[in-house]
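As structure tokens, the structure follows; a few thoughts come after it.
The values are calculated or read from the model by the stated rules, or taken from the named source; none is laboratory data. Being a predicted model, the structure only gives us computed values, none of them experimental. Cβ placement follows ideal geometry from the backbone for every residue including glycine, while neighbour counts extend to all protein chains displayed.
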Amino acid sequence: MKILISIYHITDTEHPHFFKRAHLDAVRKTAGKKAKIVVTADRKEAASHIADADVLAGFPFTIPPLSGAKKLKWLHSFSAGVDRILTPETKRLPILISNSSGIHATPIAEHLIGFILIFTRRFHRILRNQLRREWKRDETITELRGKTVLVVGLGDIGMETARLARAFGARVIAVSRTGKAKPPFVDELKTGRGLDALLPKADFVAICLPHTKETHHLFDRNKFKKMKRTAVVMNIGRGGIVDEKDLIRALEQKIIGGAALDVTEEEPLPKTSPLWNMENVVITPHHSGLSEKYMDRAIELFRRNLRAYLKGKRLLTLVNKELEY
């Protein structure tokens, strides 16, 4: 068995996406002595090894073209989202596809709580005052306790976000398409059809969904019009879930109160986008999932999947090609 790992960097320097010798040792321990493991940070080199690779693991932007993958049986992504690798061609290949769903729960949930605190404590305004050297109290400062947080998507990230929001004393409502049992830290839970009924109740809307055909532009003008005029929309899923033109209009027309975006429809966000200059918008460059523990968690999950693969069992994070997550 040949395992090809296509990565950004190979070094022992601390960095969220850096592959270290300790990671290789751990994979070798799981794969066994007979397995051949190739690790490369060169996409061209990765392409030269793809023909006889049985297993390929990498980030969406480091994975080489699969056209020559004659022996490939399993493709694993070190990212949770698979929208960039689940092309029509990839779907047709008779291979297993898995992702790194679950490893981002802690950093992204904390990022979302950070977004909420920025708006309740008005840090986005206060920091602008600091840049202008203005000592000005903001009498509109409020608190998270007692606010209503709507979590759209109760996967690992959504669950942790809901738990943390409840710990702050917020009322938590949520939407889950799977019809799972209501967690104790969620006050009200509905399926996807109940989203419109929950939107008018929310002070903050946390979008924790994958980007699929079903969720593309799910949040459009009609959804924004159902929200409170003070509501803040937060998106850490994928930019395509939100109709960005409708969002800009909703912000300009004060249909909603603000937005916090870690993802946008086009990345990097074009310098010409009106979102950059809006005082009620906070933008982070698609890095909410980063942490110094990122690669450690990613490799541990890959090893758990590898153990299952070697035993002929179902992969822990197997992607449903039809549902696209």
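Filtered by the rule that a residue be buried (at least 19 other Cβ atoms within 10 Å of the Cβ) and polar (S, T, N, Q), the stretch 262-281 gives a lone residue, 264.
Being over 19 Å from the mean Cα position of the chain (by Cα) and free of Cβ contacts under 8 Å to residues at least 60 places away in the same chain is the filter here; which residues of the stretch 282-323 pass it? Result: 304, 308, 311, 312, 313, 314, 322.
One line per residue, one yes/no per condition, for (1) within 25 Å of residue 294 (Cα to Cα); (2) of a type in the set (Lys, Arg); (3) crowded, with 20+ Cβ neighbours inside 10 Å:
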{"residue": "42", "(1), (2), (3)": "yes, no, no"}
{"residue": "45", "(1), (2), (3)": "yes, no, no"}
{"residue": "56", "(1), (2), (3)": "yes, no, yes"}
{"residue": "73", "(1), (2), (3)": "no, yes, no"}
{"residue": "82", "(1), (2), (3)": "yes, no, yes"}
{"residue": "91", "(1), (2), (3)": "no, yes, no"}
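Would you confirm, using the coordinates I've provided, whether residue 284 is buried (at least 18 other Cβ atoms within 10 Å of the Cβ), among the hydroxyl-bearing types (Ser, Thr, Tyr) and in contact with a Leu (Cβ under 9 Å, 6 or more places away or on another chain)? Even if it seems obvious, please write down each step before you answer.
Details: buried (at least 18 other Cβ atoms within 10 Å of the Cβ): no; among the hydroxyl-bearing types (Ser, Thr, Tyr): yes; in contact with a Leu (Cβ under 9 Å, 6 or more places away or on another chain): yes.
It is false that residue 284 is buried (at least 18 other Cβ atoms within 10 Å of the Cβ), among the hydroxyl-bearing types (Ser, Thr, Tyr) and in contact with a Leu (Cβ under 9 Å, 6 or more places away or on another chain).
Applying the condition of being surrounded by fewer than 23 Cβ atoms within 10 Å (Cβ to Cβ) and either not assigned by TED's automatic domain parsing to the domain that holds residue 210 or not basic (Lys, Arg) (or both) to the stretch 251-261 and asking which residue is farthest from the chain's Cα centre (by Cα) yields 253. Considering (1) in contact with a His (Cβ under 7 Å, 6 or more places away or on another chain); (2) more than 17 Å from residue 124 (Cβ to Cβ), the lone condition that residue 187 does not fulfil carries the number (1).
Take residue 132 and tell me if it is of a type outside the set (A, V, I, L, M), out of contact with any Phe, Trp or Tyr (no Cβ under 9 Å at 6 or more places or on another chain), at positive phi and at pLDDT 95 or above.
For residue 132, the condition - of a type outside the set (A, V, I, L, M), out of contact with any Phe, Trp or Tyr (no Cβ under 9 Å at 6 or more places or on another chain), at positive phi and at pLDDT 95 or above - is not met.
Here are 271, 245, 223: which of them is free of Cβ contacts under 8 Å to residues at least 12 places away in the same chain, part of a helix (DSSP H, G or I) and not β-branched (Val, Ile, Thr)?
On the way: 271 fails: part of a helix (DSSP H, G or I); 223 fails: free of Cβ contacts under 8 Å to residues at least 12 places away in the same chain.
Exactly one residue qualifies, and that residue is 245.
The condition of being of a type in the set (Asp, Glu), under 21 Å from residue 170 (Cα atoms) and in the same structural domain as residue 147 (by TED's automatic domain parsing) holds for only one of 203, 243, 220, that being 203. Is it the case that residue 160 is among the charged types (D, E, K, R) and buried (at least 18 other Cβ atoms within 10 Å of the Cβ)? Considered against the rule, which asks whether it is among the charged types (D, E, K, R) and buried (at least 18 other Cβ atoms within 10 Å of the Cβ), residue 160 comes out as yes.
Looking only at residues of the stretch 226-238 that are in contact with a strand residue (DSSP E or B) (Cβ under 8 Å, 6 or more places away or on another chain) and without any contact (Cβ under 8 Å) to a residue 40 or more places away in the chain, we find that the one that is nearest to residue 269 (Cα to Cα) is 235.
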